[in-house]
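Inspection log for the structure reproduced underneath, given as structure tokens.
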Amino acid sequence: MFAVFAGMQLSLLTVFLGHGTALISVATTELFAGLQKMDRAQEEASLDLGATPWQTFWRITLPNLKLSLIAAGLLIFTLSMDEIAVTFFLIGRRQYSFRWKSSPGSAAGITPEINAISTLIFAVSVVLIVVWYHIRTRTIGRQVQELLERP
């Protein structure tokens with residue numbers, strides 16, 4: 001309703017903005033949890049050693065929030081895929097489609113477009129989960145090694 005009231009052309013941009021607005025609380029919650037777990041002594045040491053606040057953010061804070069950022073991105077992606085109703089309200093009347101020749105499955109109501117989009121969503125989801133898993137296991141491995149090396 002806000003997009004129509006503001007005179008915006010309903011398009012993929014309004015879908016992006018709508019999903020972002022609806023799901024920003026998920027990212028905020030995840031990042032807040034990451035900030036709570038972060039060791040503030042690293043930031044203080046960086047500032048004490050002469051780094052500017054921006055250098056401290058880019059070199060200390062942001063790398064420490066890497067897992068929280070990835071987790072927030074995965075959650076937002078997953079929840080966004082579930083928000084079909086929001087998409088229909090924000091897309092307008094213009095139809096976006098892929099063009100392929102008809103296939104035997106289209107007679108049963110399953111079009112090649114649905115198959116292609118489902119495959120893309122599945123592939124992107126698997127890739128993101130595998131990347132997150134590798135980053136997470138490396139981080140946990142480093143933390144365990146640091147704990148074992150402590151006197």
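Per-atom-type breakdown for the chain gives carbon and sulfur 67% of the accessible area (1.4 Å probe, protein chains only).
Measuring gaps between exposed loop sites in the chain (chymotrypsin sites (Phe, Trp or Tyr not before Pro); DSSP loop; at most 15 other Cβ atoms within 10 Å), the longest gap, sites not included, is 1-95.
Taking K and R as +1 and D and E as -1, what net charge do the other residues with C-beta under 15 Å from the C-beta of Arg150 add up to? Charge balance near Arg150 sits at -2. Cα axis of helix 112-149 to longest principal axis of the chain: angle in degrees, 0 to 90, nearest 10? Helix 112-149 sits roughly 10 degrees off the main axis of the chain. The value of relative contact order for the chain, using C-alpha pairs under 8 Å at least six residues apart, is 28 percent.
Compared with the alpha-carbon gap, the fully stretched path from Ala33 to Glu113 is longer by 24.9 nm at 0.36 nm per residue. Distances between placed amide hydrogens fall under 5 Å for Glu83 paired with no residue 5 or more residues away or on another chain. Under 20 Å from a label point set 7 Å out along the Cα-to-Cβ vector of Ile140, the amide N atoms of the range 60-91 belong to 64-75. The candidate values were [x] 1.05; [y] 1.47; [z] 1.33; the one computed from these coordinates for Cα Rg over 2.2 N^0.38 Å carries the label [y]. Probing with 1.4 Å while keeping every protein chain in the model, the per residue accessible area of the chain equals 79 Å². Ignoring the sites themselves, the chain has its longest run without trypsin sites (Lys or Arg not before Pro) in a DSSP loop having at most 13 other Cβ atoms within 10 Å at 1-92. With the convex hull drawn over the C-alpha atoms of the range 1-46, the volume per residue is 108 Å³. Here is how the number arises for the chain: DSSP H runs of 4 or more residues each give -39500 (n - 2.57), the sum is divided by the residue count, and the result at 222 nm is -23000 deg cm²/dmol.
The values are calculated or read from the model by the stated rules, or taken from the named source; none is laboratory data. All figures in this text were calculated on a predicted structure; none of them were measured in a lab. Backbone-built Cβ (ideal geometry, glycine too); neighbour counts: all protein chains shown. In case anyone asks, the SASA skips ligands and DNA or RNA and just uses the protein heavy atoms, side chains included. Shrake-Rupley method; radii C 1.70, N 1.55, O 1.52, S 1.80 Å.
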